[in-house]
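For reference, the structure is listed below as structure tokens.
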Amino acid sequence: MLVLFVGSTALAHEGKHTGTSVHGIVVSLSGETLKVKTENAEIAVTLTDKTKVRSGKDAVPRARLIAGTHVDVRGSKLPGGGFAAREVVIEAEAESSPGDPAEH
Amino acid sequence: MRSWGLAGAALFLLAVGAALFYREAIAHGFSAREKPWAAEAWLARHLRRLAAGADARSMRSPIGSDPIVLAEARDHFADHCAVCHANDGSGRTPINAGLYPPAPDLREARTQDLSDGEIFRIIENGVRFTGMPGWGKDDEENWGLVLFIRHLPDLTEEELGFMREIQPEDEHELP
């Protein structure tokens, strides 16, 4: 009875897994729910304690997620249609001013 | 005197078995694509349990069932684990078809009967002499994976669809 020797190596979790992402425009932010309008639908994105919000490489407060802001949300789809955000990236070049939702 | 005789007989049989096995190995080699013998499979499972450590048996997951933790662990599994284990944990992947010993079907009792701690340790440290790597110490992610592995028997088609967006499966390549 021989077992093929394969030396197991310790692998660090190579950064975080990528999950999936959704891209769209912020409709509203209420508490921990960020509504984002994508090409096909409006999605309710859940922001958790661990959700990071950034613009470029800089961390920014959630208050920056105003209506009309173009965002790329990375995280995991939830059964039933929701989305849990691990990271929300504000797309700086398309960031809109308050009360001025951009056409997507 | 009688016990010496029995011991001698056992050693003789062992030697004959080893010689026969050696002759077969020399003549035909041994392929990772063959199915393990029942005794090897038993040994592999036993080694897997040993690798986790006795203290792991009493360890319980510190995290409760949370849909967001589960979803994140699901995607992590799809991204890091499904290439060998398959999105549904069945092990039906081209890579696993060539592993010796093959990764088990994680939905079955042989894995589900392991404690949370044992599954955690297997993820963290891997299992020597197998293709299971040690993924290191990220407790939060590892406990999330334990939660997901416990969920595998109840995985829905919707969840499987989410996983296939990350780790596509080609039906034609499945063993």
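The values are calculated or read from the model by the stated rules, or taken from the named source; none is laboratory data. Being a predicted model, the structure only gives us computed values, none of them experimental. Every residue, glycine among them, receives a Cβ derived from its backbone with ideal geometry; neighbour counts consider all protein chains shown. Side chains are part of the model used for accessible areas, which takes the heavy atoms of the whole protein and leaves out ligands, DNA and RNA. Shrake-Rupley method; radii C 1.70, N 1.55, O 1.52, S 1.80 Å.
Worth a mention:
- Area accessible to solvent at A:LYS37, 1.4 Å probe radius, in Å²: 110 Å²
- Top of B:LEU106, B:LEU50, B:LEU20 by mean-square fluctuation, Gaussian network on chain B, Cα under 10 Å: B:LEU20
- Placing a label point 7 Å from the Cα of B:GLU165 along the Cα-to-Cβ direction, the residues of region A:25-68 with a backbone N closer than 19 Å are A:25-27, A:33-48, A:51-52.
- Region A:27-80: translational diffusion in µm²/s, Stokes-Einstein, Kirkwood Rh over Cα pairs, 25 °C, 0.890 mPa s: 205 µm²/s
- Förster radius 51 Å - calculated FRET efficiency between B:ILE95 and B:PHE12, Cβ distance, rounded to 0.05: 0.80
- With a cut-off of 13 Å between beta carbons, the residues surrounding B:LYS137 carry a summed charge of -4, where Lys and Arg count +1 and Asp and Glu -1.
- Subset of A:LYS77/B:LYS137; A:LYS50/B:LYS137; A:LYS52/A:LYS77 violating a 23 Å alpha-carbon distance limit: A:LYS77/B:LYS137
- At the residue level, B:MET132 shows approximately 40 square angstrom of accessible surface with a 1.4 angstrom probe and all protein chains present.
- When chain B is reduced to its Cα atoms, the Kirkwood hydrodynamic radius in Å: 18.2 Å
- Over every Cα atom in region B:109-171, the radius of gyration and the widest Cα-Cα span, Dmax, amount to 13.2, 35 Å.
- Angstrom value of the Kirkwood radius, inverse mean 1/r, which spans all Cα pairs in region B:63-162: 13.6 Å
- For B:TRP37, the accessible area of its heavy atoms, probed at 1.4 Å with every protein chain present, is near 140 square angstrom.
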